[in-house]
Amino acid sequence: MPTVTELAALWARSLEEIRDTLNDQRIFDSFLVDTSIDSIEGKNMKVLANTSLAAQILNSRYKQLITEAVARSTGTVFEIEFIDQPTRSKVEETPVEEAIFFKDNKLDGKYRFDNFVVGKSNREAYQASLMIAGAPGQLYNPLLVYGNSGLGKTHLLHALGNDAKSRFPRLNVLYISASDFVEEYVKFATGYRSEQSLVGFFKENVDVLLVDDIQYLVGKRGTMETFFTVFESLYTKGKQIVMTSDQHPNNLDGLDERLRTRFNQGLSLSMSAPDEMTSEQILKSKIKSSGNEQLTFDDDVIAFLAEKFSNNVRELEGALNRLFFYTINIRPSNHVTLEIATEALASLMSDRSIKTALSERKIIAMVAEYYSLSPSELLGKSRTGQVAMARHIAMYLCKEMMDMPYAKIGSVFGGKDHTTVMNGVRKVEKEVDENPGMKRAIDDLKARIKK
Ligand code: ADP
Ligand code: MG
């Protein structure tokens, strides 16, 4: 069946021929304006007349002339019939429109494998996605990636889709959020569309189905049932299904049992929060791709961001963007120091966490400066008298001023154990009691740190 536009073009050409042949402008105007081809099936052409009388008259008196004119303009001798009602009912017409489910759903090209930083927390999920992109439907089906919000699940899902699409351009890859599915379901549940057509859409148009955030299906009975039908029909045809969830399916209360079983029959992998090293790499990668190359950062700024925002990559990115904004618009500067960073990010952190971050780093910075050392020397392993003493003083101040547990202090100072820290702190306490010079130095340092 030709498209609507093709039919219109064909009829427009035919009408010119008909007008010339008919050679009676009044008849032409009154009987043939607003006519159109209703359908062509084989050699049968139905033409929609403008009134039922016109249909009768055209059929009885002009059919021969029109058939010949149309044959001249199209090269085909059609069996023409004029009708006064479209042959297809409204209901039958809808499938044309129904093919356009999820028409706004596109893979997002900014989420790719090449800008996804891989670390311990996401390595498995990354590996499985990479494999699937290279052989959709052949390895793990379905793949389910679960983990807290902001850890890169959506990024990975698009990356998989983009990669599969670039390897196999003719593959139909559809990315939807489960909430998009709920929306489409609601449309047909309210009678606007038929269920068949939604299921049919997936059957006909999808080779790789990427469903983000399946937790949104939970508790929605009708939607879950339809999703199950879609899942089954794709699965049995060997189509690839990849899903994400904020939790393992077993922990999704209210998930349809049949769906739970299906979700568990493939491969489920968890994603967790990145460690600080991975976070630092993510930051560096985001800085590189942000177009802010003019900005340089003190090393401890990156470490500070990574430490404070590692449990959520979205927040980590947010913090970095806030920092960009701040150093471009509020306090213009090409070099970002820890001081600028804490100032910029104050609003994003709880008071307590700023204070801790600030003081423990400030203590280290101040003590180092006081003894003309670098912070890394202070945190390092050197045991020479001067450095070791300064290090003990910094530990002592962390205990005194912030009441930090020994173990925590130990981890700040490069993984020293509880007893080592305690001994160091005791040594300084003793010195402070017995040595007025030491007491003065400590008071002095405290004053500087509090400033
Ligand atoms: P989720 O879907 O798990 O809530 P997203 O995929 O939306 O998380 O990730 C949030 C943001 O963090 C996105 O901008 C994403 O690009 C970024 N992101 C997450 N993990 C990584 C990573 N490993 N490498 C680079 N960017 C990441
Ligand atoms: Mg997401």
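The values are calculated or read from the model by the stated rules, or taken from the named source; none is laboratory data. These figures come from a predicted structure and were not determined experimentally. When we count neighbours, we look across all protein chains shown, and the Cβ atoms used for this are built from the backbone with ideal geometry, even at glycine.
Laid out as a table, the results:
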{"item": "Selection within region 34-65 - touching a Lys or Arg at 6+ places or on another chain (Cβ under 6 Å) and of a type outside the set (Gly, Ala, Ser)", "result": "Asp38"}
{"item": "Among the candidates Thr223, Thr244, residue that is among the hydroxyl-bearing types (Ser, Thr, Tyr), within 24 Å of His158 (Cβ to Cβ) and touching a Lys or Arg at 6+ places or on another chain (Cβ under 7 Å)", "result": "Thr244"}
{"item": "Residue satisfying condition, being at pLDDT 95 or above, within 16 Å of ligand 2 (Cβ to nearest atom), over 14 Å from the mean Cα position of the chain (by Cα) and not aromatic (Phe, Trp, Tyr), within set Leu210, Leu234, Leu144", "result": "Leu144"}
{"item": "Enumeration of residues in region 227-273 that are of a type in the set (Lys, Arg), in a helix (DSSP H, G or I) and crowded, with 16+ Cβ neighbours inside 10 Å", "result": "Arg262"}
{"item": "Selection count, region 397-411, where residues are surrounded by fewer than 19 Cβ atoms within 10 Å (Cβ to Cβ) and either of a type outside the set (Lys, Arg) or at pLDDT 90 or above (or both)", "result": "7"}
{"item": "Verdict on Ser149 being in a loop (DSSP other than H, G, I, E, B), within 15 Å of the chain's Cα centre (by Cα) and either surrounded by 14 or more Cβ atoms within 10 Å (Cβ to Cβ) or at pLDDT below 95 (or both)", "result": "yes"}
{"item": "Test for Thr261: is it away from ligand 2 (no atom under 16 Å from the Cβ), among the β-branched types (Val, Ile, Thr) and within 27 Å of His158 (Cα to Cα)", "result": "yes"}
{"item": "Subset of region 366-396 that is of a type in the set (Lys, Arg) and within 20 Å of Lys430 (Cα to Cα) - its residue that is surrounded by the fewest Cβ atoms within 10 Å (Cβ to Cβ)", "result": "Arg383"}
{"item": "Residue count, region 33-58 (criterion: free of Cβ contacts under 8 Å to residues at least 24 places away in the same chain and among the acidic types (Asp, Glu))", "result": "1"}
{"item": "Residue in region 29-41 that is nearest to Ala71 (Cα to Cα), counting only those that are surrounded by fewer than 17 Cβ atoms within 10 Å (Cβ to Cβ) and not polar (S, T, N, Q)", "result": "Glu41"}
{"item": "Residue in region 170-184 that is in a helix (DSSP H, G or I) and among the basic types (Lys, Arg) present", "result": "no"}
{"item": "Checklist (1) touching a Phe, Trp or Tyr at 6+ places or on another chain (Cβ under 9 Å); (2) of a type outside the set (A, V, I, L, M, F, W, C); (3) under 16 Å from Asn115 (Cβ atoms) applied to Pro274, failing item", "result": "(1)"}
{"item": "Residue match in region 430-446 (condition: within 30 Å of Thr296 (Cα to Cα) and touching a residue at least 12 places away in the same chain (Cβ under 8 Å))", "result": "yes"}
{"item": "Count - residues of region 292-335 that are of a type in the set (Gly, Ala, Ser) and either touching a strand residue (DSSP E or B) at 6+ places or on another chain (Cβ under 6 Å) or more than 20 Å from Leu151 (Cβ to Cβ) (or both)", "result": "2"}
{"item": "Out of Ser270, Ser289, sole residue that is small (Gly, Ala, Ser) and under 30 Å from Asn141 (Cα atoms)", "result": "Ser270"}
{"item": "Within region 368-448, helices (runs of 4 or more DSSP H) holding 1 or more residues that are touching a Pro at 6+ places or on another chain (Cβ under 9 Å) and of a type outside the set (S, T, N, Q)", "result": "385-402, 418-434"}
{"item": "Members of region 412-451 that are of a type outside the set (Lys, Arg), surrounded by 13 or more Cβ atoms within 10 Å (Cβ to Cβ) and within 15 Å of Leu379 (Cβ to Cβ)", "result": "Val412, Phe413, Thr420, Val421, Gly424"}
{"item": "Meets criteria (in contact (Cβ under 8 Å) with a residue 24 or more places away in the chain and more than 16 Å from ligand 1 (Cβ to nearest atom)) for Phe188", "result": "no"}
{"item": "Pairs where the first residue, in region 343-362, is of a type in the set (Phe, Trp, Tyr) and the second is modelled with pLDDT of 65 or more, C-beta under 8 Å, 6+ apart", "result": "none"}
{"item": "Set Ser333, Ser290: member being small (Gly, Ala, Ser) and over 24 Å from the mean Cα position of the chain (by Cα)", "result": "Ser333"}
{"item": "Residue among Glu68, Glu81 that alone is surrounded by 13 or more Cβ atoms within 10 Å (Cβ to Cβ), touching a Lys or Arg at 6+ places or on another chain (Cβ under 8 Å), at pLDDT 75 or above and not aromatic (Phe, Trp, Tyr)", "result": "Glu81"}
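Condition check ((1) of a type in the set (D, E, K, R); (2) at pLDDT 95 or above; (3) buried (at least 22 other Cβ atoms within 10 Å of the Cβ)) across all residues:
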| position | (1), (2), (3) |
| --- | --- |
| His158 | no, yes, yes |
| Tyr175 | no, yes, yes |
| Gln196 | no, no, no |
| Gly200 | no, no, no |
| Glu204 | yes, no, no |
